[in-house]
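A short write-up of the structure that comes next.
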Amino acid sequence: MAERPGLLTRWNQARRADGLALRRALPDRLLPLLVAAMAVLAALALAGATGAQILSTRWSNGAASMLTIQVPDPETPTTTAGTTTHLTRSDAVLAALADSPGASRVHRLDKAELGALLAPWLGQDHDFALTLPAIIELHMAAGTQTDATALARRLAAIAPGTLVERNAEWGERLGRLADSLHSCALLAVAIVAGIAVVLIAATTRAGLAARRLPIELIHAMGATDGYIAGRFARRTALLAFIGGLAGSVLALPILVLLSRVAAPFAAAAPAPAPAADWTMPAHMLLATLPTPLAATLLALAPAAALIGWLTTQATVRAWLRNLP
């Protein structure tokens, strides 16, 4: 008695029963490789978009909401109505700033911070011959509008010569620059997605041309457009998913490195990033990325599969409509 075919054998026979032979129509090497390359490019563009968005938020909430106050002769006692008080000029300004409406933080730069600020111009020697003015940072609460001119007049009455520098203009410029970079990165993502659509459509049409006679035969025997398109679309979606997953894995170390380089620009208190441990598992490396970037990286493979499925469905159905 003949041996009954095994489950794998019967599944392979059923898969080839309609004669489409999609492994020959859509090879499983070229398309995943091309999609992987597109996924790496999309990941880098998405990293640029995410980084620009984070920088825009940081600059808008940081520089735009901060005022810098410069107090000359900071250790000189203040005078009120011709009478010298026990407060120095810097202490009097600090007390006035602490009572300002909407002030969330008042910080006077110490000698080390001033030295680090002036080091690019004056070197690392912090023993300055001249008396440096006191530099005070006034951080305003989010959404608070401050009249810098009125504040400057109030502080000048307490400590004449005090200057107030409003950083909102530079913050707005930096925000516009970051928004422009964000838009350019999203445009790059759209271009990569468009190239992927064209690539998948061309590959699908090549597969249809390679299997034209079998497709025409089963179509004439009653196979619906939806059945044929579905078979092609499932195959393409699987290959695109594999390519997108490979591209995500290849892009992961690059994105981790870029995120570490950009971390000081996005952090409230810049600090050197620890050395990357490239021996850790991929999911732990993924956890070191910003949450929006990690989410978009995880979504690359499903997005590639969806693009492949939709593109193939549309391409095959359009091709079948032109059959005699």
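Projecting label points 7 angstrom from Cα along Cα→Cβ for ARG29 and THR57 puts them 4.5 nm apart.
What the pair-distance distribution of region 178-234 shows, using all Cα-Cα distances binned every 5 Å from zero, is 4, 15, 17, 17, 10, 9, 8, 7, 6, 4, 2, 0 percent. Measuring r between the beta carbons of GLU216 and ILE191 and using R0 = 25 Å, the FRET efficiency lands at 0.10. By other beta-carbon atoms within 10 Å, ranking GLU137, GLU216 with the fewest at the front produces GLU216, GLU137.
Here PHE232, PHE241 are placed in order of increasing Cβ neighbour count within 10 Å, fewest first, which gives PHE241, PHE232.
Bear in mind these aren't lab numbers, they're just calculated from the coordinates by the rules spelled out. Just so it is clear, the structure is predicted and the values come from calculations on it, not from any experiment. Don't worry about glycine lacking a Cβ; one is built from the backbone with ideal geometry, like all the others, and counts go over all protein chains shown.
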